[in-house]
Amino acid sequence: MVSHETCFTFAELINLKIKKMETTIKAIFIDAQNKEVKQITLPNEETLKSVYPMIGENCSLVEGVTYVNNFDLLLGDESAYYNGYNFGFVLEGYGYIHGNAVILGSDNEGENADVDQYLFSQMQDKIQFVEEKVSEYMIKKVQSSPFTFSAWDI
């Protein structure tokens, strides 16, 4: 007797087997220090562990900064401002991010997945690299603004 609790089609079984065989995933590395956006390959297992040294030598806690689309998450150094990074980037639609970052892809079930080529090309156009801390960057933005700010506005 066949149980109907877990029935898969042949194609679904093949896809499950292929997914388990995948040992790496494609991600995006935003190297703000060297002003580069590059596609990288990370291990599918212990992915987060491999991200820490890329984000920064002093990184002790990685945080999910923002989703860049429905499923892909931008990870950065939780304490980047305090870790002495004098570089970062501005992500269009989000704002200033200290240090380096990695974008990890995921599927609709929350499992690791490759970041697609289209997102990679989009990120290159949506990032502006900055060689200063956010406080210095914001002061320059406010000073160059045509609007007048008072202490009550900040």
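Loop-located chymotrypsin sites (Phe, Trp or Tyr not before Pro) in segment 40-117 (DSSP state not H, G, I, E or B) with no more than 11 neighbouring Cβ atoms inside 10 Å: Y82. Solvent-free Debye calculation, one equal scatterer per alpha-carbon of segment 22-143: log10 I(q)/I(0) at 0.10, 0.14 Å⁻¹ equals -0.28, -0.55. The simple spin-label model puts a point 7 Å past each Cα toward its Cβ; for Y81 and Y118 those points are separated by 3.5 nm. The label point for E111 and the one for D125, both projected 7 Å from the Cα toward the Cβ, are 3.2 nm apart.
Read-outs: derived from the displayed coordinates by stated rules, not from any lab. Keep in mind it's a predicted model, so treat the numbers as computed, not measured. Note: ideal-geometry Cβ built from the backbone for every residue, glycine included; neighbour counts use all protein chains shown.
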